[in-house]
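Only one structure is covered here, and it is reproduced in the block below.
Read the figures in this text as sums done on the coordinates, not as results from a lab. The structure presented is a predicted model; accordingly, all values stated were derived computationally and were not measured. Please note: Cβ atoms are built from the backbone with ideal geometry, for glycine as well, and neighbour counts cover all protein chains shown.
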Amino acid sequence: MEILDRLIDGDGRLRIGGERITASDGSGIDVLDPATAEVITAVASAGPADAADAIDAADSAAVSWSDTAPRERGEILRRAYELMVNRANEFAELIVLEMGKSFVESRGEVLYAAEFFRWFSEESVRNIGTIQLSPSGDKRILSIDQPVGVSLLITPWNFPAAMVTRKIGPALAAGCTMILKPASDTPLTALAMTDLLSEAGLPDGVVNVIPSNRSSMIVPKILADPRVRKLSFTGSTEVGKILLREAGSHVVNCSMELGGNSPFIVFDDADIEAAVEGAMIAKMRNGGQSCVAANRLYVHESVRDEFSRAFVTAMEEVQLGPGMDPGVDLGPLVNFSAQQDMSEFVGSSTASGSTVAAGGRAPDSPGFFYLPTVLTEVGNDDPILSQEIFGPVAPIVTFESEDEVISMANDTVHGLASYLYTNDLTKGMRVSEAIESGMVGLNRGVFSDPAAPFGGVKQSGIGREGAHVGMLEFLETKYIAADW
Ligand code: NAD
């Protein structure tokens, strides 16, 4: 495993201006294997001086990169796509090691992540302006879209590859240079990805990577630099709010992909087998550590027993274990604190009156594992329903009417994703329109598609990633008033 060996052998250095450098003050971050809780390796941890160097590098490369022909930018992205697909197994092992999900899921993530390179290689040649006649008929209105400029990308740990390519892909296609600060739990995949982009022909300084365990110290400094014009953040709503305040002080353009609290609604006329299958994906993909994870399962009272029985059986069949072991479906949670959170959620929910129908505890083994858990008899006022669970715990609540479940579903500050299962398409469309979320899965338990606009409303975010609009987030419109 060449990529991994290199990173483990001490190549976890910062990538700035095409150089591999240690942190200027020698700091490092230990990277743990969540399946054993043991340290795998350490990577450099950027401080303020390194962040300043990264801005210099991104700024120096900005003009030549934005002047690079869109087709050439697209071809670099296309080569990156091909390299990533060719090395899918190696990248998957890296993800298993630093993040914990199963090899099958990790490989799936790598292929999904690579698709953002392919999609945006195609979008890079579709930066299309407009020309229109003014309503008065005597003027021309021209609008062109130009790269927003040096961008700061901040990513979470839950999809160490896909959250990175979903930002780098459109930023490169748009002609922006960037500084990437990956999550401290999972910096290895991001470092390996930068090396892959260099191999694909990306010029030095276009993508600079600075893992850091001092984010709250360096990020405000980066946002305060007038050369930095864009923040693209994926992470929790809590941190997103802090960053919006900091970016607001300097009027930095922001795209925010934040936390969710997705309802999963099963109507009485749903195909229950399909709904269970969808719920298993929506709840258990990435071990529940997904922003679009089904967080609250609302099941019509008339199908509650049938759904709950089948769902509990499916949850009990999930194979838990280290991600590289054959047959494993569910790996560990990312760290000790995530494992503790599950115990606390289950403890407080049962204290509020719910029943553990499956799982409900951490197994007696090393690493940060937690059993697939189903809670039934959950009251609509149970505090678990207002938290982002981010793990393999599924609370089931019952409802009686369509109006009631819409109001339950919308009773949250979040609005990222929702799921509903019904065989009545009219009802399905009506509820899809009434529900307050950026995405709705109608008889589907998965959204992810680079060609689709991914994002939330309310406190789940601002802006969209993927689709054509994903590139527009890194472009700014210029209006040229023209007469001739
Ligand atoms: P997090 O908010 O703790 O961290 C996200 C990133 O921000 C990390 O790189 C972290 O190092 C950095 N960070 C943390 N504090 C910071 C600060 N004060 N200043 C600057 N940077 C800071 O989130 P996480 O635990 O890594 O990820 C899980 C969260 O991400 C969940 O809430 C999940 O819903 C959300 N998420 C959202 C999407 C989406 O598309 N909407 C996708 C994936 C994850």
Discussion item. Over 10 Å intervals from 0, what percent of Cα-Cα pairs in region 226-360 sits in each interval?
Written reply: 10, 30, 30, 19, 9, 2
Practice prompt. Over the alpha-carbon set of region 262-449, work out the extent along each principal axis and list the three values in angstrom, largest first.
Written response: 49, 35, 30
Item to complete: Sum -39500 (n - 2.57) across every DSSP H segment of at least 4 residues in the chain, then divide by the residue count to get the 222 nm mean residue ellipticity, nearest 500.
Response: -12500 deg cm²/dmol
Fill in: DSSP beta bridges in the chain [antiparallel fraction, %, rounded to 5]
45
Worksheet, complete the sentence: Once both label points are put 7 Å beyond Cα along the C-beta direction, the ALA52-ASP204 separation in nm becomes 2.1
Item to complete: Taking the dipole about the Cα centre of the chain, with the C-beta of Lys and Arg at +1 and of Asp and Glu at -1, give me whichever of MET99, ALA57, PRO211 is farthest to the positive side.
Response: ALA57
Fill in: Amide H partners (placed H, <5 Å) of VAL397, local residues excluded
LEU297, TYR298, VAL299
Discussion item. Only counting other Cβ atoms within 10 Å, I'd like GLU90, GLU199, GLU98 sorted with the fewest neighbours first.
Written reply: GLU199, GLU90, GLU98
Item to complete: Only residues of region 295-324 count here: report those whose backbone N is under 16 Å from the spot 7 Å along Cα→Cβ of GLU38, or say none.
Response: 322-324
Discussion item. Distance between the C-alpha centers of region 284-325 and region 213-282? Whole Å please.
Written reply: 23
Worksheet, complete the sentence: In whole Hz, the Karplus estimates of ³J(HN,Hα) for region 346-363 (6.51, -1.76, 1.60; θ = phi - 60°; x where Gly or Pro) are 5, x, 6, 5, 5, 5, 8, x, 7, 10, 7, 9, 7, x, x, 7, 7, x
Worksheet item: Taking neighbour Cβ counts within 10 Å as the exposure measure, how do THR165, THR412, THR350 sort from fewest upward?
Response: THR350, THR412, THR165
Item to complete: Compute the separation of the alpha-carbon centres of region 1-78 and region 146-170 and state it in Å as a whole number.
Response: 13
Worksheet entry | DSSP bridge orientation in region 262-449 - percent antiparallel, rounded to nearest 5 | 15
Item to complete: Report the label-to-label distance for ASP271 and ASP325 in nanometres (one decimal), using points 7 Å from each Cα along the Cα→Cβ vector.
Response: 3.4
Worksheet item: If one computes P(r) from the Cα atoms of the chain, what percent of pairs lie at distances over 45 Å?
Response: 13
Worksheet, complete the sentence: Across the alpha-carbon set of region 200-241, Rg over Rh with Rh taken as the Kirkwood radius works out to 1.01
Discussion item. With +1 on the Cβ of every Lys and Arg and -1 on the Cβ of every Asp and Glu, and nothing else charged, how large is the dipole of region 417-484 about its Cα centre, in debye rounded to the nearest 20?
Written reply: 240
Item to complete: Quote the charge dipole size of region 141-297 about the Cα centre in Debye, to the nearest 20; the model charges only the Cβ of Lys and Arg (+1) and of Asp and Glu (-1).
Response: 760
Worksheet, complete the sentence: For SER302, placing the label point 7 angstrom along Cα-to-beta-carbon and taking region 385-418, residues whose amide nitrogen sits under 15 Å are 399-403
Fill in: Dipole-positive endmost among PRO34, GLY260, LEU142 within the chain (Cβ charges, Cα centre)
LEU142
Discussion item. When a/c reaches 1.5 or more, the comparison of a/b and b/c decides; with that in mind, is region 38-112 rounded, prolate or oblate per its Cα gyration tensor?
Written reply: oblate
Response to the item:
Amide H proximity to ASN208 below 5 Å, modelled H, separation 5+ or other chain, gives MET178, ILE179, LEU180
Practice prompt. Mind putting a number on the dipole of the chain about its Cα centre? Charges go on the C-beta only, +1 for Lys and Arg and -1 for Asp and Glu, and I need it in Debye to the nearest 20.
Written response: 1500
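For the chain, what relative contact order do you get, as a whole percent, if you take Cα pairs closer than 8 Å and at least 6 residues apart?
Contact order relative to length: 18 percent.
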Fill in: Per-residue Cβ neighbour rank within 10 angstrom, fewest leading, ASP25, ASP364, ASP145
ASP364, ASP25, ASP145
Worksheet item: So what are the ³J(HN,Hα) numbers for region 44-55, from phi and the Karplus equation (6.51, -1.76, 1.60; θ = phi - 60°), rounded to whole Hz, Gly and Pro as x?
Response: 5, 10, 5, x, x, 5, 5, 4, 5, 4, 5, 5
Worksheet entry | Farthest toward positive dipole pole in the chain [+1 Lys/Arg, -1 Asp/Glu at C-beta], among VAL276, ALA183, MET471 | MET471
Worksheet item: Of the lysine pairs in the chain, how many meet both conditions: Cα atoms under 16 Å apart, and a spacing of 8 or more in sequence or different chains?
Response: 8
Worksheet item: In bins 10 Å wide, starting from 0, what share of all Cα pairs of region 1-137 does each bin hold, as a percent?
Response: 11, 25, 32, 21, 5, 3, 1, 0
Practice prompt. Quick one: which residues, 5+ away or cross-chain, put their amide H under 5 Å from the amide H of PHE390? H built at 1.01 Å from N.
Written response: none
Fill in: In Å, descending, principal axis extents of the Cα set of region 166-233
33, 27, 20
